[in-house]
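Following: one structure in structure tokens, then a few remarks.
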Amino acid sequence: MKKALFLRHMAIGDLVFILPFVQEFLKAEPSYSPELLTDIDLFKPGLFHKIHLFRNLNSSLPEFEYEKLFLFHYEDHPNLHIQDAYSLSTGIRVQKQLLPFSFSSFSKLQAKRYLFKFGHNGKKIISVQLESASELRNYPLKKYYEFLNILKKKHPEFSILVFSSNPHTLDPEYVNFCGRIPDLNVLSYILSLSSFFIGPDSGLLHIARAFSVPSIALFGPTLPELRLCGTSNIRLPLHPSIDCFGCYHEQSKGKEEMHLCQKGRRACLLDLEPELIYKEFIKLLEGKEDLNLLERMQRYEIYKEKYLSDKDPEEERVRLHELYLKRIEIFFQNKYIQSKRNRIREELLNLKRIIFL
């Protein structure tokens, strides 16, 4: 069977963004066996026949006998939706969507054990993420706790599960998973069981969306129209008097830095009141569509058509691959790669020839 390699240095959210591309490729080329080379171990082989981790290449080198290479790269198009930028770099066209993924029986069992151990009472679940990996995207904890208190008092019918990669001391009425679930598969399965999700622009938000969990998404430095897929079952509590959302996207590499903030202090999130978030939660409960998000999505589609009209897709793929090869060179200075570094480097660089044959 012919093999195709899908390559992405990833954050958690990227994992669910790429699945529609793999599915679309397999529809067109069912004779191929797709493999993934990445940073994060979340998916078990499903759509992917094998998953290789960069950090393991020194001890477990995959056979680089691939007919096709697909590089997922969006950093050089920060004003495009992630999946539109991926379409440019891979040549695969998809409808914007997120696909759910499967879980092993072991992950499901572990999730049930965690829920029991940390006090889930069997009620319907609201999952709340306190922090993302990016500090600039985070809602201030003091206000977050105020919002959680409102939620807890007005909706005792729900069990509130709180997530963060960092430990936090919380009121015992919450199910505190902060710093307590190291396995992303287990965490993702718990999210898939939730009735609602609340959190910043992050990997957990996108995983929840992949499983169609109704969500409150806290945006500020990043733009929802460049991150979200679809407008159903999601509400955005955007600060009503801020008009400078999206400073993240104003750099060519999409790097988040405070000096880009026009207000100098992340007012888009720091001044967002808990009561406004709760009002959006009520609208979500009532099933009301977010017309502001719908309008943003429509404006973006007009912008995208104009942006892409003067770009040759093949030339753009060549350019993006050349840039990525430079990143590969830098990567091989990494401490993980020692004795086999030169061999791996040559194998990956040789893939450049394959993709343009």
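The values are calculated or read from the model by the stated rules, or taken from the named source; none is laboratory data. What you see is a predicted model; the values in this text were computed from it and never measured. Heads up, the Cβs are rebuilt from the backbone with ideal geometry, glycines too, and the neighbour counts pull from every protein chain shown.
Some points to look at:
- Selection within segment 99-128 - in a loop (DSSP other than H, G, I, E, B) and within 28 Å of Tyr278 (Cβ to Cβ): Phe118, Gly119, His120, Asn121, Gly122, Lys123
- Subset of segment 111-127 that is among the hydrophobic types (A, V, I, L, M, F, W, C) and surrounded by 13 or more Cβ atoms within 10 Å (Cβ to Cβ) - its residue that is farthest from Ser159 (Cα to Cα): Ala111
- Residue within segment 164-178 that is of a type in the set (Val, Ile, Thr), part of a loop (DSSP other than H, G, I, E, B), more than 16 Å from the chain's Cα centre (by Cα) and surrounded by fewer than 21 Cβ atoms within 10 Å (Cβ to Cβ) present: yes
- So Pro45, is it out of contact with any Gly (no Cβ under 7 Å at 6 or more places or on another chain) and either part of a strand (DSSP E or B) or without any contact (Cβ under 8 Å) to a residue 12 or more places away in the chain (or both): yes
- Filtering segment 129-143 to residues that are outside any loop (DSSP other than H, G, I, E, B) and crowded, with 18+ Cβ neighbours inside 10 Å leaves Gln129, Leu136, Arg137.
- Residue that is nearest to Gly13 (Cα to Cα) [pool: residues in segment 227-244 that are at pLDDT 95 or above and hydrophobic (A, V, I, L, M, F, W, C)]: Leu228
- Residues within segment 284-305 that are in a helix (DSSP H, G or I) and surrounded by 15 or more Cβ atoms within 10 Å (Cβ to Cβ), tallied: 6
- Filter result for Glu24 (in a loop (DSSP other than H, G, I, E, B), more than 30 Å from Glu250 (Cα to Cα) and among the charged types (D, E, K, R)): no
Let's see how each residue does on (1) of a type in the set (Phe, Trp, Tyr); (2) touching a Leu at 6+ places or on another chain (Cβ under 7 Å); (3) in the same structural domain as Ala133 (by TED's automatic domain parsing); (4) within 19 Å of Tyr145 (Cα to Cα):
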{"site": "Asn176", "(1), (2), (3), (4)": "no, yes, yes, yes"}
{"site": "Gly179", "(1), (2), (3), (4)": "no, no, yes, yes"}
{"site": "Ala217", "(1), (2), (3), (4)": "no, yes, yes, yes"}
{"site": "Arg227", "(1), (2), (3), (4)": "no, no, yes, no"}
{"site": "Arg235", "(1), (2), (3), (4)": "no, yes, yes, no"}
{"site": "Lys263", "(1), (2), (3), (4)": "no, no, yes, no"}
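- Picking from residues in segment 48-85 that are among the aliphatic types (A, V, I, L, M), in a loop (DSSP other than H, G, I, E, B) and surrounded by 19 or more Cβ atoms within 10 Å (Cβ to Cβ), the one that is modelled with the highest pLDDT is Leu80.
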